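Presented below is the structure to which this report refers.
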Amino acid sequence: MTSLQQRAELQRQIWAIANDVRGSVDGWDFKQYVLGTLFYRFISENFVDYITGGDESIDYATMADNDKNLELAKDDAIKTKGYFIYPSQLFSNVQANANNNDNLNTDLAKIFAAIENSANGYDSEKDIKGLFADFDTTSNRLGNTVEAKNKRLAAVLKGVAGLNITQFEDNQNDLFGDAYEFLISNYAANAGKSGGEFFTPQHVSKLIAQLAMHGQTSVNKIYDPAAGSGSLLLQAKKHFDAHIIEDGFFGQELNHTTYNLARMNMFLHNINYDKFNIQLGDTLIEPHFGDDKPFDAIVSNPPYSVKWVGSDDPTLINDDRFAPAGVLAPKSKADFAFVLHALSYLSGRGRAAIVCFPGIFYRGGAEQKIRKYLVDNDYVETVISLAPNLFYGTTIAVNILVLSKKQKNNQVQFIDASGQGFFKKETNNNVMTNEHIQKIMDMFNSKENVEHFAKSVDLDDIAKNDYNLSVSSYVDAKDTREVIDITELNAELKTTVAKITQLRSDIDAIVLELEGAEIKGSEIEGAV
């Protein structure tokens, strides 16, 4: 098997398990149990690899929890890995006895609490705390009786245990991470709008990450102010693996369940607790990291046109993030609040690539004033219009706004990547291939004008156009209508009319002949 075939086989297996085990429970409601179990297996095996140093002669799973050597190793293990798992708490041991354990649901709850509590008092405490909060072993989603709950939990454990990940040649950590993201993407695709709110499809994430990191061989750190499940940050990791991300991955997420997904996602991609910092809370009202060093790379797909407190909080106009623009984003549309937040966190050498609702680029009022601030200060590097139906739960053709504080040529680049040459139809959604992404990146890099696709416009011209930043205002779409030669068309029409006239004449003659024959026949009949 090739690497791609191996991954496809693993993904087929894991989605089959996810569907088989959930039974009549809605997949969206059941996702936490499959994702949480996969995470439980990963951290168990990852911890065993660490504690044994990869020495297969050491069977950690059979050791006693009270072994004095474990207590000696515990402190260093927590400082390094961020948590501690005793042998009896390992996924392999719990799964092996699951079908015969009448207390499985409560035992699992105790194990998850113990793993989280092992970090108490250590630097990793905040990163580990609450990771299993959404894995509710008492939920009626699992069944109405303890017996039913245990049966369902045992089936999930058995299904995830049956994934023979070690048979694949790729790095084990990458495969766990890929399997996790595959599950998240499938759940998002089947959840409609609610799924699209926390997961950015990988092909879009790849483009955003490349835009934010373009031209840099290293960045101090990368940040997503609306982190969702962490998919954008992890695409940045994949794109930048050969380079340096010095201080790691940062993000903030409002939804508690999604916040937990993001942290699990970091671990599953082998990003240790000391290399990521995902915070829970409202980025616009209670922002984290404001006192930290600015970020060299910012990626984000914030919620479109959500309501926020805005002008109802008189202190916000004095907030360092919003004050320079002199106006707050409308209360009914927080899009530009996220944009200004990202800009304020951006370093002088970095870029921010932000997915935006198209309406913010042409509407008047406060949004026009914010555009004026961004354009007059030469912060807008590029605006890219994408094809419709690229995201889960919405068919909107969104834009990507690329911000930079570096000195530019007093121009804004506009790229129209919404046409047929920039996506392919795949099931219910459109998808950008690597070739499509490369086409966009080539235009972004060159800044050259390409008829019907890309144009760099002077800031003065944008100002004269009321600071309109819609791509369609500057890039003329290619006319795909058939070119018609009027002279040739008239000649064809003349020939056609002549043929019709002749045909009518022939028909009239036939009708007259038939009528004459009918009259003659009647006369003969009358004579008889």
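The values are calculated or read from the model by the stated rules, or taken from the named source; none is laboratory data. What you are looking at is a predicted structure, and each value in this text was computed from that prediction instead of being measured. Here the Cβ positions follow ideal geometry from the backbone for every residue, glycine too, while neighbour counts run over all protein chains shown. Just the protein is used for accessible areas: all its heavy atoms, side chains included, with ligands, DNA and RNA removed. Shrake-Rupley method; radii C 1.70, N 1.55, O 1.52, S 1.80 Å.
Of all DSSP bridge pairs formed entirely within segment 294-440, close to 60 percent run antiparallel. Relative to the longest principal axis of the Cα atoms of the chain, the long axis of helix 366-376 makes an angle of roughly 80 degrees. Using only the alpha-carbon atoms, how far is helix 486-527 inclined from the longest principal axis of the chain? Give it as 0 to 90 degrees, nearest 10. Result, in degrees: 60. Expressed as a whole percent, the accessible area of the chain that falls on carbon and sulfur atoms is 48 (1.4 Å probe). Of ASN220, GLY281, THR394, which is farthest on the positive side of the dipole of the chain, counting Cα position, with +1 on Lys and Arg Cβ, -1 on Asp and Glu Cβ, and the Cα centre as origin? In the chain, that residue is GLY281. Mean projection of the Cα convex hull over all viewing directions, computed for the chain: 41.9 nm².
For the chain, the mean residue ellipticity at 222 nm estimated from helices alone is -15000 deg cm²/dmol, where every DSSP H run of n ≥ 4 contributes -39500 (n - 2.57) and the total is divided by all residues, rounded to the nearest 500. Considering only alpha-carbon pairs that sit under 8 angstrom and 6 or more positions apart, the relative contact order computed for segment 1-126 is 23 percent.
For segment 332-431, the equivalent ellipsoid built from the Cα gyration tensor has semi-axes of 26, 16, 12 Å, listed from largest to smallest. When the pairs LYS275/LYS408; LYS81/LYS275; LYS81/LYS129; LYS31/LYS149; LYS81/LYS221 are compared against a 23 Å limit on Cα-Cα distance, LYS275/LYS408 fall above it. Based on Cα contacts under 8 Å between residues 6+ apart, the chain shows a relative contact order of 10 percent.
Straight-line cross-link partners of LYS151 among the aspartates and glutamates, defined as a Cα under 15 Å from its Cα and at least 8 positions apart when in the same chain: ASP20, ASP102, ASP107, ASP136.
Along the chain, counting only GluC sites (Glu not before Pro) with a DSSP assignment other than H, G, I, E or B and at most 16 other Cβ atoms inside a 10 Å radius, the longest segment between sites is 247-447. Against the chain, whose longest principal axis is taken from its Cα atoms, helix 68-81 shows a tilt of about 40°. Basic side chains Lys and Arg get +1 at the Cβ, acidic Asp and Glu get -1 at the Cβ, and with that the dipole of the chain about its Cα centre reaches some 820 debye. Within straight-line reach of LYS307, meaning a Cα separation under 26 Å, sit the following lysines at least 8 residues removed in sequence or on another chain: LYS193, LYS331, LYS333, LYS369, LYS372.
At a probe radius of 1.4 angstrom, the accessible area of the chain per residue rounds to 48 square angstrom. Normalised by the number of residues in segment 244-347, the average gap of Cα pairs under 8 Å and 6 or more apart makes the relative contact order 25 percent.
The C-alpha atoms of segment 237-296 occupy a region whose extents along the principal axes are 36, 26, 19 Å, arranged from largest to smallest.
Per-residue extension of 0.36 nm, minus the Cα-Cα distance of THR394 and GLN279, leaves a gain of 38.7 nm for this segment.
If a/c stays under 1.5 just call it rounded; otherwise compare a/b with b/c (prolate if a/b is bigger, oblate if not). Do that for segment 373-490, with a ≥ b ≥ c from the square roots of the Cα gyration tensor eigenvalues. Oblate.
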